Amino acid sequence: MPTSSHEVAANMRPRKKRRKRQPGWVPNYHGAWAMITIPPIVGIIEGGFRPAHAVLLAFWWIGYFLFFAGTLWLKSGFKARYRPPVFVYGVAAGVLGIVTAAAAPYLWQWVPAFIPLVLAAGWAAYRRRERNLGSGLDTVVAACLLLPVSWDVATAGAAGWSATPAIWIQTALLFGYFAGTVFYVKTNIRERRSNGFLAASIIWHGAWCVGISALAGLTSYVSWWHVAVWAFLVIRAVLVPLARRTGGGLTVTQIGFLEVATSILVTITLLL
């Protein structure tokens, strides 16, 4: 069939280019979502929900958006195109920080713990080293501390740093898991060919599995179901990277979905 004149004219019109979204508005560290969500949620489940938790979570999550935008801005050498999300999220975080301080003034006692972690992360970003191992572990520590912070809110400031042994054990176990994902992800992507990183990942997971097994045998704080998940994590740390080295194994997307499932299993068995 012949093409109509209207169709020809439509095809000859210059197409508008899609405007690219400015960088820094939406974090693209997909693995970080579980890390910034699970610790505070566990603290809320263990201690009970209070209205102050709502503003704390809003402040924490907007703070993460600010952290991501600030990281890009620092890496760029303070270029103007990276500034708008820093300003917007900075103002939002400032307002939410004031509201959080008003709702839970006792949380000031946690500020000294977070200041050095934030400064270290900022310095790593400025030096363009935000993806190195030390920076990754720094952010894991900050995220996991939200568990006892959420517990502190649940007790209306009565607990503070003197949370129950169970809370600190759960915090340590989440640190072990999320820090392990830092090693594990590197062995599958950026350090895929590094025998050193592979060995470090296997040793990390194996040592934590042994320690958790001993803890489960000595106390009631850890269930054997949680030990079983850690045994799976050890197997995962060995087989998945080795399979990818041979050109097969899981894709990056499949690894991501597996991490979501693993995070859910770790959380559920931790709460048992």
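The values are calculated or read from the model by the stated rules, or taken from the named source; none is laboratory data. From a predicted model like this one, the values you see are computed outputs, not experimental measurements. Quick reminder, even Gly has a Cβ in these numbers, built from the backbone with ideal geometry, and neighbours come from all protein chains shown. Heads up: the accessible areas ignore ligands, DNA and RNA and are worked out on the full protein's heavy atoms, side chains in. Shrake-Rupley method; radii C 1.70, N 1.55, O 1.52, S 1.80 Å.
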Exercise for the section: Could you identify the single residue in I36, I45 that is assigned to a helix (DSSP H, G or I), farther than 17 Å from F87 by Cβ and open to solvent by 60 Å² or more (accessible area, probe 1.4 Å)? Expected result: I45
Fill in the blank from the handout: Restricted to the range 241-250 and to residues being assigned to a helix (DSSP H, G or I) and open to solvent by 20 Å² or more (accessible area, probe 1.4 Å), the residue farthest from V266 (Cα to Cα) is R245
Problem - Pairs, first closer than 23 Å to S201 by Cβ in the range 115-140, second at pLDDT below 90 and open to solvent by 90 Å² or more (accessible area, probe 1.4 Å), C-beta under 7 Å, six or more apart - result: S135/R129
Practice task
Could you figure out which of (1) open to solvent by less than 40 Å² (accessible area, probe 1.4 Å); (2) under 19 Å from the mean Cα position of the chain (by Cα) isn't true of L133?
Solution key: (1)
Fill in the blank from the handout: For the range 152-167, pairs from a residue that is more than 12 Å from I45 (Cα to Cα) to a residue that is in a helix (DSSP H, G or I) and open to solvent by 60 Å² or more (accessible area, probe 1.4 Å), with Cβ under 6 Å and 6 or more apart or across chains, are G160/Q109
Practice task
Could you figure out which of (1) part of a helix (DSSP H, G or I); (2) modelled with pLDDT of 95 or more; (3) open to solvent by less than 40 Å² (accessible area, probe 1.4 Å) isn't true of E259?
Solution key: (2)
